[in-house]
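One structure is given below, encoded as structure tokens.
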Amino acid sequence: MSDLPPADWYTDPEDESQYRYWDGSSWTEHRAPRIAEPDTEAGDARHGLRSPSTLVADTFSLTGRRWRPFAAVALIYILSWIVGVVLVLVSANDILMGELGAVYERVSQPGFNPSDPEHEAYFESLELDLAPVNFVPGLLGLVALWVASTVMQAAVTRIALSDLKDRALTTSDAVRQALGRVPRLMGVNLQVAAIFGVALVATIFAADAAPALLLALVPALIVAAVYAVAVIPMAYAVASAGPRRWSLPYGARLVRGRYWATLGRLLLIFLLLFAVSLAVGIVLAIAGLSGGAAFDLVSQLVQTVVGAGLAVVATVAAAILYHDLGGESD
């Protein structure tokens, strides 16, 4: 018995945006587009993407339609954030040998100036306990935040894609499946961090050892960073719900030939969400002029809730783009 798949149309292994016919033993040269041509009102027929205005409308429509599972996932993230912050504060207080509260009261005073002789003397008198055990709660808190953010990323992406494909996915199933994607998302995080780390080291080295090289290196890094703005969200969508392939190359293939259309739509969403975040920050800053420590705590909680909501909306927009570009999902 042969283990080869039966003859049928499958995703072209050489081009994710195409179907290719498998005759049962080998690939033929027969291909067909995976993305149907949209009408002129729904999107850009040249790119296979919905128009920017349609993307914005569909993003908020899908978010509103599935607000319950999105809210449940965001709540898990917010609770994890609270736990993580508490653990970090416990570590900080242990390292400062119980002086964290006094330090906070001092730095939160109106008109605080760290160069004031009295403040300088106080901070110089502080003793630190750098025992490794004191760092454990803080590290656990940071890991909790990292895991919670990746779970939210994967769960929201999976819920959005299931809605786009007219399939029902419960919150519990989404979270359970998202937990299985945590290692892949963390892997993408580490890859992105490594790439930016190498770029930073190369820039520092060029500035110190070969200033002339820096003139060519900086423009190249800027181009790479702009390119990454479109590729990285697609890579996270792949890691969240896509096939088990290298996420960054897969994301790069998806935006190939449709880079500027993808970038423009992503930037539009990011600018809209940044405007909302900025407006909330201004309102909280104005309200905080007459508030105290209690208001600072409430303000941080409000900012976390708003940030989680905006992250959900951004992830939904990226999932819609991933779907429009022909990205596969499991």
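There is no residue in the stretch 74-88 that is modelled with pLDDT under 90 and on the phi > 0 side of the Ramachandran plot.
Does ALA193 fit the bill of being in contact (Cβ under 8 Å) with a residue 24 or more places away in the chain and either exposed (fewer than 15 other Cβ atoms within 10 Å of the Cβ) or in a helix (DSSP H, G or I) (or both)? For ALA193, the condition - in contact (Cβ under 8 Å) with a residue 24 or more places away in the chain and either exposed (fewer than 15 other Cβ atoms within 10 Å of the Cβ) or in a helix (DSSP H, G or I) (or both) - is not met.
For first residues located in the stretch 119-137 and closer than 18 Å to GLY101 by Cα and among the acidic types (Asp, Glu), partners that are open to solvent by 70 Å² or more (accessible area, probe 1.4 Å) and modelled with pLDDT of 85 or more and lie 6+ apart or on another chain with Cβ distances below 9 Å form the pairs GLU127/MET97; ASP129/MET97. Among the residues making up the stretch 65-99, those that are open to solvent by less than 60 Å² (accessible area, probe 1.4 Å) and not in a helix (DSSP H, G or I) are ARG66, LEU96, GLY98.
The values are calculated or read from the model by the stated rules, or taken from the named source; none is laboratory data. As the structure is a computational prediction, the values presented were derived from the model and not from experiment. Cβ sites come from the backbone with ideal geometry, for glycine too, and all protein chains shown count toward neighbours. Each accessible area value is taken on the protein alone, full model and side chains, heavy atoms only, with ligands, DNA and RNA left out. Shrake-Rupley method; radii C 1.70, N 1.55, O 1.52, S 1.80 Å.
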